[in-house]
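**Student:** The structure's right below; bear with me while I get my questions together.
Bear in mind that the values in this text are calculations on the coordinates, not laboratory data. Please read these numbers as outputs of a predicted model, since none were measured by experiment. Ideal geometry is used to build each Cβ from the backbone, glycine not excepted, and the neighbour counts take in all protein chains shown.
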Amino acid sequence: MNEGTFEQVKQDLIKEDHYLRHHELRFRLSAKEVQKVSEKTNQTPRILDIGCWPGYLSLYYQREGWKVDAIDLNPERIPTVSEAGVKIIKHNLNTFPQLPYPENHFDSILFTEVFEHLNPASFKELFAGIESCLKPGGRLILTTPNRWALNKNMLQLKTWDEPEVDEEGHGHWKEYRLHEVLECFGSSNLKILKQETISFYSHLGRSNQTGYFPLKEWYKHPNKAVNFAKVLVYPVRNLPPFRDSLLIVAEKPQQTL
């Protein structure tokens, strides 16, 4: 990652700094996976950022010279990103799972922390569209929360029996175990290159007063008891079954059978 470019993006989106503190590691690891694709293309790479708010990666790649398209429910809330030249369209994938892009168009598709917000009934059509608009050799980078992460949800076994969404369908429809996400690729020709549980957030503590901070500084912030408890269970939270997130990288074959 070009640190100079990313630092400028941080400054331009400073009002979302609280979100960045929580998600920066995810942004960086996603960018690392995207970089592997860009290294093998001879043209200006194209990327699609599905559910791009608050726009850190879209803006980063735009400033790195990529051709960037993005989808968001409310593009008007991130004017800095669209004003920079990112082509953001307003699109609800629960209502219209089709992707409005031509075939063989993108080198990479970012699909991070969006999967859990979608109605599973849309997945077959959505994955068909992802496969279609990826170039041969292009890659999909997908992240989503791990259903068996060692957090409050693990002890509430019925949490995801019903979608936790509002009247417009906004919210988490479901959180998944790794094998459940992989099953969603069954109707596509996308080849799974990486499938793993990963810890994006276990190194962070949180308080309502100060937001997210490095967990090792638990004694400097309010909510000391809760954050000290996180310190105690940290080794267990980082065992593979209990890590907080799932990461899947899939590639469109050079020749689809």
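**Student:** When only Cα pairs under 8 Å and 6 or more residues apart are kept, what is the percent relative contact order across the stretch 40-148? Please report the intermediate quantities before stating the final value.
**Tutor:** Numbers: 181 pairs, mean separation 28.9, N = 109.
Averaging sequence separation for qualifying contacts and normalising by length gives 27 percent for the stretch 40-148.
**Student:** Which ordering of 245, 207 is given by a fewest-first count of other beta-carbon atoms within 10 Å? Don't skip to the end; give the middle numbers.
**Tutor:** On the way: 245 21, 207 16.
Exposure proxy ranking, most exposed first: 207, 245.
**Student:** Here's something else I'd like to know. Mind pulling the angle between the C-alpha long axis of helix 17-38 and the longest principal axis of the chain? Nearest 10 degrees, somewhere in 0 to 90.
**Tutor:** For 17-38 against the chain, the angle is about 40 degrees.
**Student:** May I ask you to list the GluC sites (Glu not before Pro) in the stretch 15-46 that are in a DSSP loop and have at most 11 other Cβ atoms within 10 Å of their Cβ? Intermediate values should be presented prior to the final figure.
**Tutor:** Working: sites: 16, 24, 33, 39; in loops: 39.
Taking the stretch 15-46 and a limit of 11 other Cβ atoms within 10 Å, the loop GluC sites (Glu not before Pro) found are 39.
**Student:** What do you get for the angle between helix 224-237 and the principal long axis of the chain? Use alpha-carbon atoms, 0 to 90 degrees, nearest ten.
**Tutor:** 60
**Student:** Would you pull out the residues with amide H under 5 Å of residue 194's amide H, same chain only if 5 or more places away, H placed 1.01 Å from N?
**Tutor:** 249
**Student:** With 10 angstrom as the radius, rank 176, 234 by how many other C-beta atoms surround their C-beta, starting from the fewest.
**Tutor:** Details: 176 20, 234 15.
With the fewest neighbours first, 176, 234 line up as 234, 176.
**Student:** While we're looking at this one, here's another question. Quick query: amide H of residue 49 versus all other amide H atoms, modeled in the peptide plane; which residues come in under 5 Å with a sequence gap of 5 or more or a different chain?
**Tutor:** For residue 49, the qualifying residues are 69, 70, 71, 110.
**Student:** First obtain the Kirkwood hydrodynamic radius of the stretch 85-128 from its Cα pairs, then insert it into the Stokes-Einstein equation at 37 °C and 0.692 mPa s, and state the resulting D in µm² per second as a whole number. Could you put the intermediate results ahead of the total?
**Tutor:** Details: Rh = 11.8 Å.
Once the numbers are plugged in, D ends up at 277 µm²/s.
**Student:** With n ≥ 4 as the cut-off for DSSP H runs, can you work out [θ] at 222 nm for the chain, using -39500 (n - 2.57) per run divided by the number of residues, rounded to the nearest 500?
**Tutor:** Numbers: 7 runs with 76 residues, N = 257.
Taking each H run of at least 4 residues, the total per residue is -9000 deg cm²/dmol.
**Student:** A further question follows. For the chain, modelled as a GNM with alpha-carbon contacts under 10 angstrom, which of 135, 174, 194 fluctuates the most?
**Tutor:** Highest fluctuation among the options: 194.
**Student:** Any lysines with Cα under 24 Å of the residue 135 Cα? List them, leaving off those in the same chain fewer than 8 positions away.
**Tutor:** Excluding near neighbours in sequence, the set is 32, 36, 40, 67, 87, 90, 124, 191, 194, 252.
**Student:** Fewest to most neighbouring Cβ within 10 Å: what's the order for 123, 200, 96, 213? The partial results should precede the final answer.
**Tutor:** Details: 123 20, 200 24, 96 12, 213 16.
Result, fewest neighbours first: 96, 213, 123, 200.
**Student:** Something else about it: Across all directions of projection, what mean area in square nanometres is found for the Cα convex hull of the chain? Display every interim value, and only then the final one.
**Tutor:** Details: hull surface 57.1 nm².
Projected area, direction-averaged: 14.3 nm².
**Student:** Bin width 5 Å, alpha-carbon pairs only: give the P(r) of the stretch 1-116 as whole percents, running from 0 to the bin holding the largest distance.
**Tutor:** Reading the bins upward from 0: 2, 11, 24, 26, 22, 11, 4, 0.
**Student:** Helix 123-133 sits at what angle to the longest principal axis of the chain, using alpha carbons and giving 0 to 90 degrees rounded to 10?
**Tutor:** Between helix and principal axis, roughly 50 degrees.
**Student:** May I ask you to evaluate 6.51 cos²θ - 1.76 cosθ + 1.60, the Karplus curve with θ = phi - 60°, for each residue of the stretch 239-245 and list the ³J(HN,Hα) values in order in whole Hz, giving x for glycine and proline?
**Tutor:** 6, x, x, 10, 5, 7, 9
**Student:** With a cap of 12 neighbouring Cβ atoms within 10 Å, and only residues DSSP puts in a loop, list the trypsin sites (Lys or Arg not before Pro) found in the stretch 8-90.
**Tutor:** Numbers: sites: 10, 15, 21, 26, 28, 32, 36, 40, 46, 63, 67, 77, 87, 90; in loops: 40.
Within the stretch 8-90, the qualifying trypsin sites (Lys or Arg not before Pro) (loop, at most 12 other Cβ atoms within 10 Å) are 40.
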